[in-house]
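The values are calculated or read from the model by the stated rules, or taken from the named source; none is laboratory data. Quick caveat: nothing in here was measured; it's all calculated off a predicted structure. Quick reminder, even Gly has a Cβ in these numbers, built from the backbone with ideal geometry, and neighbours come from all protein chains shown. We work out accessible area using only protein heavy atoms, side chains counted, and drop any ligands, DNA or RNA first. Shrake-Rupley method; radii C 1.70, N 1.55, O 1.52, S 1.80 Å.
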Amino acid sequence: MGNETTEIRKKRIFSGIQPSGELTLGSYLGAIKNWREMLEEYDCLYCIVDMHAITVRQDPALLRRRALTQLAQYIACGLDPEKCILFIQSHVHQHAELAWVLGCYTQFGELGRMTQFKQKSQQHADNITAGLFTYPVLMAADILLYQADAVPVGADQKQHVELCRDIAERFNGVYGDVFTLPEPFIPKMGARVMSLGDPSSKMSKSDPDGCVFLLDKPEDIRRKFRRAVTDCDTENCVRFDPENKPGVSNLLTVYCAAAGKTLAEAEAEFAGQGYGAFKPAVADAVIAMTDPIRAETERLLRDKAYLQQVYAQGAEKAAALARRTLRKVYKKVGFIEG
Ligand code: TYM
């Protein structure tokens with residue numbers, strides 16, 4: 001007789017966001033929006049990866065506040081704690097423990113090739129820590145600890161998920177089938193939202209002018225889109241052409257992801273209209289999406305007891321799964337059971 005529980009188990013999803021700043025429109029469209037769409041079909045764990053955040057210096061009080069705000073935002077975005085496991089990474093100590101083991105199965109050269117490490121070590125040239133370097137190992141531990149089948153992320157995290165697979169394959173090659181090999185899940189629309197100020201770089205929390213935050217007020221969102229860089233062409237027509245019209249193409253992607261339309265539908269809608277009419281329409285679509293989230297986040301943040309209960313229960317459920325994997329790993333590598 002087969003093992004029934006494994007046969008009927010839904011596929012599992014793991015993903016996380018660093019509380020190193022406010023959630024952005026990029027992290028919403030690239031990640032959270034898809035997380036929500038997976039709630040029914042998959043067993044989902046969504047994490048606030050505070051241990052990743054300290055790979056660059058953080059203000060402790062601010063980090064604490066952001067982690068709690070991020071939890072409230074997850075819930076406000078529709079990640080119902082009754083339907084998924086929401087938790088804070090540092091509450092489940094197995095992440096750090098598995099990361100140590102996996103670090104012993106990861107090559108220095110592999111980590112040196114990570115694009116994000118190269119970028120961040122340039123940005124923080126005075127503080128290139130071992131943590132910044134080994135960060136993808138901790139991310140691999142996050143995913144493998146839960147035997148996740150898929151990892152919904154934006155395009156910038158694909159390389160890290162691929163490294164995670166490589167590490168898992170290597171480990172399985174030595175010890176047998178210990179880890180499920182995860183697939184990256186990259187959305188069709190919104191996988192790489194670009195800065196409103198410079199459409200050649202990714203929208204990121206470290207660039208507040210080019211970045212829309214999920215908690216921005218409508219007037220700020222309107223102002224940011226009004227100032228968004230469109231393209232220096234004389235055409236003034238709304239058409240998707242990332243090569244020649246990166247600014248407009250980025251706005252089109254945001255519009256489609258926010259309004260739930262295809263590129264063809266959006267192009268048809270704005271045919272014959274210039275950027276002047278288009279930009280406020282993008283702002284309105286974004287506001288319609290973010291405003292209810294902002295209001296609900298503010299409401300939840302007034303109920304700290306509820307948030308505490310959510311993260312405590314989440315950590316308990318996550319730890320039960322994590323313990324199982326870590327025990328197996330410790331046994332495989334030859335540690336005596338304590
Ligand atoms: P982080 O915190 O930088 O970003 C969180 C998620 O948002 C996506 N994202 C974007 N998507 C589209 N356009 C953008 N401009 C944009 N900016 C951010 C990211 O791709 C990501 O999905 N290492 C991860 C956090 C992490 C993790 C994990 C993710 C730690 N452990 C395990 C998945 C599984 C990170 O720094 O994401």
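Each peptide in 269-278, 316-325 gets a packing score, the mean of other Cβ atoms within 10 Å over its residues, and the list from highest to lowest is 316-325, 269-278.
With viscosity 0.692 mPa s and temperature 37 °C, the Kirkwood radius over alpha carbon pairs of the chain converts through Stokes-Einstein to a diffusion coefficient of 155 µm²/s. Computed over the chain with a Gaussian network model linking Cα atoms closer than 10 Å, the most mobile of Ser206, Ser90, Ser15 is Ser206. Against the chain, whose longest principal axis comes from its Cα atoms, helix 275-301 is set at around 40 degrees. Using the alpha-carbon positions of region 215-299, Rg (one decimal) and Dmax (whole number) come out as 13.3, 46 Å. Could you give the angle, 0 to 90 degrees to the nearest 10, between helix 94-103's Cα long axis and the longest principal axis of the Cα atoms of the chain? For 94-103 against the chain, the angle is about 80 degrees.
Evaluate the relative contact order of the chain (contact order divided by residue number), counting alpha-carbon pairs under 8 angstrom at least 6 apart; express in whole percent. With pairs under 8 Å counted, the relative contact order is 22 percent.
Springs join every pair of Cα atoms under 10 Å in this Gaussian network model of the chain, and among Ala76, Ala130, Ala67 the largest mean-square fluctuation is at Ala130. Nonpolar atom fraction for the chain, defined as the carbon and sulfur part of the 1.4 Å probe accessible area, stands at 52 percent. Once the 1.4 Å probe is applied to the protein heavy atoms, region 215-299 comes out at 48 Å² accessible per residue. Tally Lys and Arg at +1 and Asp and Glu at -1 over the other residues with C-beta under 12 Å from the C-beta of Ala191: what net charge comes out? Once all neighbours under 12 Å are counted, the net charge is +4.
Gyration tensor over the Cα atoms of region 83-143: the corresponding equivalent ellipsoid has semi-axes (square roots of 5 times the eigenvalues, largest first) of 23, 15, 10 Å. Taking the chain as a whole, the Cys residues whose C-beta sits 4.7 Å or farther from every other Cys C-beta are Cys47, Cys77, Cys104, Cys164, Cys211, Cys232, Cys237, Cys256. In the chain, the longest principal axis of the Cα atoms and the axis of helix 246-259 are about 70 degrees apart.
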